[in-house]
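One structure is given here, and the rest of the page talks about it.
The values are calculated or read from the model by the stated rules, or taken from the named source; none is laboratory data. Everything numeric in this text was worked out from a predicted model, so none of it was measured. Neighbour counts run over all protein chains shown; Cβ positions are idealised from the backbone, glycine included. The area values use the complete protein model at the heavy-atom level, side chains included, leaving out ligands, DNA and RNA. Shrake-Rupley method; radii C 1.70, N 1.55, O 1.52, S 1.80 Å.
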Amino acid sequence: MEKNEGPGGTSVMANQPVGVRPCSLAASLDVLGERWSLLAIREMGYGVHRFGQIAGFTGASRDILADRLRKLEGSGVVERRQYSEHPPRYEYHLTEAGRELFPVLLSLFQWGDKWVVREPALMFRHDCGHRLDVDHVCHHCGRALAREDIEAVPSRRG
């Protein structure tokens, strides 16, 4: 994110030459930025691992789901595990990279509950017994993140 306003009322990123920006968000969306991929990851997070069940719970057509699962597997988000030899059948499980997406999904759930749906279909409860509300904080100072407090600066690689 870029800091809201800099000297003269413009941000550092707004003053960059116009061109397609390479960034981690764009790269992540190349892997995940499609409805059926995220819903398949949601189901695996719920403990659903069989293809037919994932298709049924997401509403994805079998051919589209197969394509998305192959892409997720190729990107290291999902792994296939064979559970039957005759006929060969596989389950789909989240890798470490896939499991690390859970906070992202929780943020999307929370945003959707606030801005998209009238009545949430479910709520999340932490093992402490309380309703889960996801907060994003700076790990260094502990303050909650706000867009106006964040500045995007080009990395040394970029």
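Pairs only if they're at least six apart or on different chains, beta carbon under 7 angstrom, first in the stretch 54-65 and on the phi < 0 side of the Ramachandran plot, second in a loop (DSSP other than H, G, I, E, B) and surrounded by 11 or more Cβ atoms within 10 Å (Cβ to Cβ); list them, first residue then second.
Close Cβ pairs (under 7 Å, with a partner that is in a loop (DSSP other than H, G, I, E, B) and surrounded by 11 or more Cβ atoms within 10 Å (Cβ to Cβ)) amount to Ile54/Val48; Phe57/Val48.
Please go through the stretch 120-158 and pick out each residue that is under 21 Å from Gln110 (Cα atoms) and among the small types (Gly, Ala, Ser).
Answer for the stretch 120-158, where residues must be under 21 Å from Gln110 (Cα atoms) and among the small types (Gly, Ala, Ser): Ala121, Gly129, Gly142, Ala144, Ala146.
Write out, first by first residue and then by second, each pair whose Cβ atoms fall under 9 Å of each other, whose residues are 6+ apart or on separate chains, and whose first residue, in the stretch 9-22, is in a loop (DSSP other than H, G, I, E, B) while the second is surrounded by 12 or more Cβ atoms within 10 Å (Cβ to Cβ) and modelled with pLDDT under 75.
Once the first residue is in a loop (DSSP other than H, G, I, E, B) and sits in the stretch 9-22, its partners that are surrounded by 12 or more Cβ atoms within 10 Å (Cβ to Cβ) and modelled with pLDDT under 75 give Ser11/Glu2; Ser11/Lys3; Ser11/Asn4; Val12/Glu2; Val12/Lys3; Val12/Gly6.
For the structure I just gave you, tell me whether Arg156 is over 22 Å from the mean Cα position of the chain (by Cα) and open to solvent by 80 Å² or more (accessible area, probe 1.4 Å). Steps first, answer last, please.
Numbers: over 22 Å from the mean Cα position of the chain (by Cα): yes; open to solvent by 80 Å² or more (accessible area, probe 1.4 Å): yes.
Against the criterion (over 22 Å from the mean Cα position of the chain (by Cα) and open to solvent by 80 Å² or more (accessible area, probe 1.4 Å)), Arg156 qualifies.
Return the residue satisfying two criteria in turn: it lies in the stretch 77-125 and is open to solvent by less than 30 Å² (accessible area, probe 1.4 Å) and in a helix (DSSP H, G or I), and of such residues it is farthest from Gly52 (Cα to Cα).
Gly112
Wholly within the stretch 31-76, which helices (runs of 4 or more DSSP H) include no fewer than the required count, namely at least 2 residues that are of a type in the set (Asp, Glu) and more than 15 Å from the chain's Cα centre (by Cα)? It would help to see each step written out before you state the result.
On the way: elements: 35-45, 51-58, 62-74.
Result: 62-74.
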